[in-house]
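A.B. asks: Quick one: the structure is below, and I'll ask about it shortly.
The values are calculated or read from the model by the stated rules, or taken from the named source; none is laboratory data. None of the values given here were measured: they were computed from a predicted structure. In this analysis, Cβ positions are derived from the backbone assuming ideal geometry, glycine residues included, and neighbour counts consider all displayed protein chains.
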Amino acid sequence: MARTHQEDRQNLGAKKFNMWIFIFTSFMFFAALSSGFIVYSGGKGHGLDVIMPRAFMYSTAVLIISSITLFIASKAARQLQFAKQRQFLWITFFLGIAFFVIQVYAWYVLTYKMGVYFVNPNASRTFIYVFSGTHLLHVLAALLVLLNTIKGTYRNIPQVRNLYKMEMTSIFWHFLDIIWIYLYVFLLLNQY
Amino acid sequence: MSTLAVHDHGVVHHEEGHEHHHKATFLNTYVFSQDHKYIAKQFLVTGIIMAFIAMTLSILFRIQLAYPDKSFPLLETLLGRFAPGGRLSADFYMSLVTIHGTIMVFFVLTAGLSGTFANLLIPLQVGARDMASPFVNMLSYWFFLIACVIMLSSFFVQKGPASGGWTIYPPLSALPKAMSGSAEGMTLWLISMVCFVASSLMGGINYVSTVLNMRTKGMDLWKMPLTIWALFLTAILGVLSFPVLVAGIVLLIFDRSFGTSFYLSDIVLNGQVQPYVGGSPILFEHLFWFLGHPEVYIVIMPAMGISSEVIAVNSRKPIFGYHAMVYSLIGITLLSFIVWGHHMFVTGMNPFLGGVFMITTLIIAVPSAVKTFNWLATLWRGNIRFTPAMLFAIGMVSFFISGGLTGIFLGNAALDINLHDTYFVVAHFHLVMGSAAIFGMLAGVYHWFPKMYRRVMDERLGYLHFWLTFIGAYLVFFPMHFMGLDGVPRRYYAFTEFESMKRWLTVNTFITWAAIMSGLAQVAFIFNFVYSIFWGKKTIQNPWNANTLEWTAPIEHIHGNWHGEIPTVYRWPYDYSKPGADEDFIPQTVPFSQTMASNLPHDFEDNPAGLEHHTQWETANKANEQVK
């Protein structure tokens, strides 16, 4: 009986589902922002008219690579290669940091090189910062989740939990990857 | 956004929480409890306290409306600079209206209602030990409490609470210097709402996940009580619409504090031209009402679910049209996302678009009417027990009808030009979502009080509470329709000073006294509530002879809800007064094999083996009869 109690109290599946619903909420948040952009840029003289800095292209590449490394880490975890799992988790983590840095650098380019300021009479341009900024906050949260998963690999936790943590991290991280690609493509399509 | 960080922490930490949660300490049992039943009580008590605060605020501004030029020295003693010379200041009047609306809509009828009953009923009625993630569930309550504290703390800042109305439209709310209520009070309002949304999302995510993943054996979706359907769809609404509010608020915060121009354009403030160019306040209205309209269904759907359950139990009849009830809820959920434009008919919207929103709005009347007729049909020839909970559930139906009818007028783009922003709107939503939802909530409190506190609330005080509140609410809100038709605008500090509206002063006085009466009626409730928690009559396990699963759990609260295995479910929750049954209720846990005499062919729709068995039994039985 005690065992059944333990089992039906863990609910790892239900918790993973929590993550999926959370991703829905987050998706709605970005959908709201981009529909806000569409409504706003429909106004007269509200076009974006900014060529996106190249840095965004590099950051996109970094983020895609980080998704691949995380996938490799997941695979390693499933095949019980824990050293490899940990190694690729760290690589993913540092690629995440790199993404963060490049995004901030892109803001620097936008502000100081291109004169596209955050406080802007044309709020379409402010939206570039809002999109990338709120996305970066998500990335920050994901980096914390990633760190926690890495911590788990040092603590010798049961494989069930290890896989569970890997899956939670993966769902979140790949989602952030996809949402950034969506935002970037959205900005590219609207840049003229 | 802060939601995200928080949620992840939840995921991160609760794993550790698991290993230790068997050591019960004072702190983790009575304060930072992760038990859904206790969190439900925390939500309920906080919600009730917030409701009393918001009700007091409403009585304060009603006094101003009834006696616009009388001085009440007591008010100055109590409120100080907000009521100089014993009269409410105009700024403070606006704050009162704003905070009353905010607290009632979000803190009482969203968190207090969904938070209480989703937490209490979802695990107990679907047969789960707790929520999907008890830790995130606990965080949901604490974020709610923080939001409450921040919201109330705005009464203690220099310039007073936010006063732009609960919809906080920019440009007024985006310019801290525009009026005193747009200063620090508005900042606190926005911070509080971000915490509130974080709380709602954490709660909602858990509710959806628990309903979909953790139902006990046999509990398929079509065996769920309507409370669960309603709370489940409410949670889905919240999960999809609250993030949009956050997006709108984030942009508003940027406009207020960082000088961006999302919502601002061509502003002249105190004779000074402001640097904002190009923004569109209508954008905020779109983002706000994309949440705002689903929000009114977030408020009413749990009340509908609770009423359905209470009415079926106390009519001793199956709910009429169970499937129609569920499909109506689903219809309302879907439609609620495409009607937000009816709040914006007079913003200069393209009349064609207005027409589209009008049609979608009027279509919502269909599922709403289906539900109403089903409630009435459930009552029809029922063996009705008028418990206080039942009275409140019937009251909910009454308010939903009388308030819903005026919605048809307001949803009409042409009529709305005349009625927009008048007391007609105030009357409409206070009946249809204010009073109806609070009655649903009170029905739930009276009905599930034994489950929460192991005691029963006093019936006679319940009747007193019901009749005074029911009559009072109609006396308060019904006359407002006529004021609105006469063109009296909402949110005016002293409209009876205008020559054309002077005659409404007597009606205002009448409404105020009716409001004071219904306010006093709540004392009967709060006394009953507190008294019954400690000294009420002890309950038996299933005091209402109800079918649902929560009444099979032991009276004593235990972590995990059931000793041993979670019961299995065999039938839908509405087998009341089934012909041939020994008693007038058959709990969901009773298998069909134990109730051969009352089984019907349609009980075995998806179960051919069972049907065959049933037919055999029937023929055998018939043969026996003939022998006799």
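A.B. asks: Count, please, the residues in the stretch B:211-236 that happen to be part of a helix (DSSP H, G or I) and more than 20 Å from the chain's Cα centre (by Cα).
C.D. replies: Here the count works out to 5.
A.B. asks: Would you mind telling me which numbered condition in (1) over 30 Å from B:Phe284 (Cβ atoms); (2) surrounded by fewer than 17 Cβ atoms within 10 Å (Cβ to Cβ); (3) small (Gly, Ala, Ser) A:Ala77 fails?
C.D. replies: (2)
A.B. asks: Something else about it: Could you check, for the stretch A:10-26, whether at least one of its residues is surrounded by fewer than 15 Cβ atoms within 10 Å (Cβ to Cβ), away from every other protein chain (no Cβ under 14 Å) and at pLDDT below 95?
C.D. replies: no
A.B. asks: Okay, moving on. Within the stretch B:335-347, take every residue that is surrounded by fewer than 20 Cβ atoms within 10 Å (Cβ to Cβ) and farther than 10 Å from B:Ile363 by Cβ and give me the one that is nearest to the chain's Cα centre (by Cα).
C.D. replies: Per the criteria, the residue is B:Phe337.
A.B. asks: Please specify each residue of the stretch B:221-259 satisfying the condition of being touching a Phe, Trp or Tyr at 6+ places or on another chain (Cβ under 6 Å) and among the charged types (D, E, K, R).
C.D. replies: Correct list: B:Lys223, B:Asp255.
A.B. asks: Picking from B:Tyr327, B:Tyr297, B:Tyr263, which residue would you name as being of a type in the set (Ser, Thr, Tyr), in contact (Cβ under 8 Å) with a residue 40 or more places away in the chain and not in a helix (DSSP H, G or I)?
C.D. replies: B:Tyr263
A.B. asks: Check whether at least one residue in the stretch A:145-167 is at pLDDT below 90 and within 20 Å of A:Gly36 (Cα to Cα), and report yes or no.
C.D. replies: Within the stretch A:145-167 (the criterion being at pLDDT below 90 and within 20 Å of A:Gly36 (Cα to Cα)), the answer is no, since none of the residues qualifies.
A.B. asks: Pick from the stretch A:117-132 the residues that are free of Cβ contacts under 8 Å to residues at least 12 places away in the same chain and within 9 Å of chain B (Cβ to nearest Cβ): which of them is surrounded by the fewest Cβ atoms within 10 Å (Cβ to Cβ)?
C.D. replies: Among residues in the stretch A:117-132 that are free of Cβ contacts under 8 Å to residues at least 12 places away in the same chain and within 9 Å of chain B (Cβ to nearest Cβ), the one surrounded by the fewest Cβ atoms within 10 Å (Cβ to Cβ) is A:Val119.
A.B. asks: Being at the interface with chain B (Cβ under 8 Å from one of its Cβ atoms) and surrounded by 15 or more Cβ atoms within 10 Å (Cβ to Cβ) is the filter; apply it to the stretch A:40-50 and report the residue that is modelled with the highest pLDDT.
C.D. replies: In this case the residue turns out to be A:Tyr40.
A.B. asks: Then there's this: Consider B:Ala365 against the criteria (1) outside any helix (DSSP H, G or I); (2) within 23 Å of the chain's Cα centre (by Cα); (3) farther than 22 Å from B:Leu120 by Cα: it satisfies all of them except one. Which criterion is unmet?
C.D. replies: With respect to (1) outside any helix (DSSP H, G or I); (2) within 23 Å of the chain's Cα centre (by Cα); (3) farther than 22 Å from B:Leu120 by Cα, B:Ala365 is out only on (1).
A.B. asks: Is it fair to say A:Ile128 is within 22 Å of the chain's Cα centre (by Cα) and closer than 20 Å to B:Val250 by Cβ?
C.D. replies: Spelling it out, A:Ile128 is indeed within 22 Å of the chain's Cα centre (by Cα) and closer than 20 Å to B:Val250 by Cβ.
A.B. asks: Oh, and also: Of everything in the stretch A:91-116, what is crowded, with 16+ Cβ neighbours inside 10 Å and aromatic (Phe, Trp, Tyr)? Give them in sequence order.
C.D. replies: Matches in the stretch A:91-116: A:Phe93, A:Phe99, A:Phe100, A:Trp107.
A.B. asks: Of the conditions (1) closer than 24 Å to A:Phe30 by Cβ; (2) away from chain B (no Cβ under 13 Å); (3) surrounded by 16 or more Cβ atoms within 10 Å (Cβ to Cβ), A:Thr153 clears all except one; give me its number.
C.D. replies: Condition not satisfied by A:Thr153: (1).
A.B. asks: Right, another one. Quick one: would you say B:Ala377 is surrounded by 19 or more Cβ atoms within 10 Å (Cβ to Cβ), in the same structural domain as B:Ala427 (by TED's automatic domain parsing) and over 21 Å from B:Val425 (Cβ atoms)?
C.D. replies: The answer is no for B:Ala377.
A.B. asks: Are any of the residues in the stretch B:142-158 closer than 30 Å to B:Lys223 by Cα, in the same structural domain as B:Met452 (by TED's automatic domain parsing) and at pLDDT 95 or above?
C.D. replies: no
A.B. asks: Looking at A:Leu163, A:Leu146, which is the one that is over 16 Å from A:Thr69 (Cβ atoms) and more than 9 Å from every other protein chain (Cβ to nearest Cβ)?
C.D. replies: A:Leu163
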